[in-house]
Amino acid sequence: MKNILLAVTGLSPQVITETLFALHQQNKTVDAIHIITTRQGKEKINAHLLSPKDGKYYQYLKEYGIDSATIDFGFGNVHTIKDSNGIEIDDIEGEEENEWLLRQCLELAFSFTKDPNSSVFFSVAGGRKTMSSCLMLAAQFYGRSQDRVYHVLVSPEFESNREFYYPPRESVPIELKDKNGQRYVKETKYARVNLIPIPFVSVRDRLSESMLTEPRDPATLMLSLVKEKPYRLTVDLSSSKLIYKNVELDMMPAKLAIYAFFALQKKDCKKEATSCRGCTDCFLDIQDIFERQQEIGDLYRKIAGMREFSEMSKSGILGLNAENFNSYKAKIRKDLERG
């Protein structure tokens with residue numbers, strides 16, 4: 001399983017080596033590192049982490065005996081947030097920049113979670129709060145069971161020091177500042193770098209396959225999750241009512257009998273389809289309807305429930321012909337439009 005560290009950072013590249021150190025301390029291997037940041041953040045990473053001569057990233061690997069060839073991390077793995085014209089942005093200052101940031105987070109999260117043989121470690125420890133929020137949202141949309149979200153907590157006095165990148169193997173004194181700005185010296189052996197797993201709820205399994213073919217914007221992803229509750233049509237013969245979407249419609253027995261007849265025809269149809277549009281599998285022509293007059297009459301009797309058939313008029317519901325059937329159909333349509 002290939003482990004990919006996907007992190008956000010601002011102007012403090014230390015969070016990358018601190019996170020890497022914390023993961024290694026828990027015996028978690030990292031095979032690739034990808035960073036989302038601003039133009040200024042990229043310059044900080046290139047200068048302080050990836051400098052071939054004195055980059056803290058390479059210094060950390062050498063000190064802890066880790067072969068740099070085992071981790072895919074270089075200038076090309078630093079993904080700078082760009083505006084709509086492809087220009088790198090300096091900071092996240094407003095809603096528009098935040099949208100560009102979120103797009104970058106979603107695109108990379110989508111890309112890295114496509115491979116079933118990989119796991120992604122989403123690090124939300126760096127950058128502005130909006131950066132960690134956007135990466136967390138990307139994890140919730142695309143994260144899988146093998147993926148994890150992590151935060152890193154560093155002892156406050158060391159966290160605020162720009163010279164501290166990780167606890168070195170051999171403790172060294174480092175100059176710090178207290179909360180009043182007074183300088184003092186403390187050994188790095190007292191630094192605590194803790195990896196904190198953050199629980200998250202992934203909605204990936206609720207997304208349709210079409211939503212997982214390419215990165216989507218948050219609005220589209222959210223809309224795909226909002227599935228309207230399926231409504232059922234209820235034909236209540238005992239109370240002579242139709243009920244649909246919590247709306248009740250009273251209907252005269254003769255009209256309800258005809259409506260119920262066609263509703264049952266549809267209910268008994270064996271064809272599985274999401275829509276009846278263009279389908280004629282359960283269609284009945286006028287002659288078919290006349291031949292099944294008895295079924296309509298039985299439904300009418302259940303609804304009316306009073307007189308014997310022999311006492312009922314042969315010119316109404318019990319004596320359907322083209323003329324009165326079309327009349328009933330028009331009246332039913334009018335009732336439905338009114339309801």
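Would you be able to say whether some residue in region 64-79 is free of Cβ contacts under 8 Å to residues at least 12 places away in the same chain, surrounded by 14 or more Cβ atoms within 10 Å (Cβ to Cβ) and over 24 Å from the mean Cα position of the chain (by Cα)?
no
Note on region 245-275: residues that are charged (D, E, K, R) and surrounded by 15 or more Cβ atoms within 10 Å (Cβ to Cβ) amount to 1.
Condition check ((1) farther than 30 Å from residue 96 by Cβ; (2) among the aromatic types (Phe, Trp, Tyr); (3) at pLDDT 90 or above) across all residues:
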| residue | (1), (2), (3) |
| --- | --- |
| 167 | yes, no, yes |
| 170 | yes, no, yes |
| 184 | yes, yes, yes |
| 191 | yes, no, yes |
| 194 | yes, no, yes |
| 197 | yes, no, yes |
| 221 | no, no, no |
| 231 | yes, yes, no |
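Could you go through region 150-161 and let me know if any residue there is farther than 18 Å from residue 24 by Cβ, within 17 Å of the chain's Cα centre (by Cα) and not acidic (Asp, Glu). No, there is no match, as no residue in region 150-161 is farther than 18 Å from residue 24 by Cβ, within 17 Å of the chain's Cα centre (by Cα) and not acidic (Asp, Glu). For residue 200, all conditions in the list (1) assigned to a loop (DSSP other than H, G, I, E, B); (2) out of contact with any strand residue (DSSP E or B) (no Cβ under 9 Å at 6 or more places or on another chain); (3) more than 17 Å from residue 216 (Cα to Cα) hold save one; what is the number of the exception? Condition not satisfied by residue 200: (2). Within region 246-293, no residue satisfies the criterion of being in contact with a Cys (Cβ under 6 Å, 6 or more places away or on another chain) and hydroxyl-bearing (Ser, Thr, Tyr).
Within region 42-76, the set of residues being within 15 Å of residue 126 (Cα to Cα) and touching an Asp or Glu at 6+ places or on another chain (Cβ under 9 Å) comprises just one member, 42. One residue alone among 37, 29 is buried (at least 18 other Cβ atoms within 10 Å of the Cβ) and modelled with pLDDT of 95 or more, and that residue is 37.
For region 295-312, check the following and say yes or no: at least one residue is farther than 23 Å from residue 231 by Cα, polar (S, T, N, Q) and modelled with pLDDT under 85. Before you say what the answer is, go through the steps one by one.
First, the residues of region 295-312 that are farther than 23 Å from residue 231 by Cα: 295-312.
Next, from what is left, pick out any that are polar (S, T, N, Q): 310.
Next, only the ones that are modelled with pLDDT under 85 stay: 310.
Looking through region 295-312, at least one residue is farther than 23 Å from residue 231 by Cα, polar (S, T, N, Q) and modelled with pLDDT under 85.
Here is a yes/no grid of residues against (1) surrounded by 15 or more Cβ atoms within 10 Å (Cβ to Cβ); (2) not in a helix (DSSP H, G or I):
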site	(1), (2)
243	yes, yes
277	no, yes
281	no, yes
294	no, no
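Just to confirm my filter: which strands (runs of 3 or more DSSP E) fall fully inside region 21-138 and include at least 1 residues that are small (Gly, Ala, Ser)?
On the way: elements: 32-37, 78-80, 118-123.
Those strands (runs of 3 or more DSSP E) span 32-37, 118-123.
For region 146-193, how many residues meet the condition of being surrounded by fewer than 17 Cβ atoms within 10 Å (Cβ to Cβ), in a loop (DSSP other than H, G, I, E, B) and without any contact (Cβ under 8 Å) to a residue 40 or more places away in the chain? Residues that pass the stated criteria total 11.
The values are calculated or read from the model by the stated rules, or taken from the named source; none is laboratory data. Predicted model only: the values in this text are computed from it and were never measured. Note: ideal-geometry Cβ built from the backbone for every residue, glycine included; neighbour counts use all protein chains shown.
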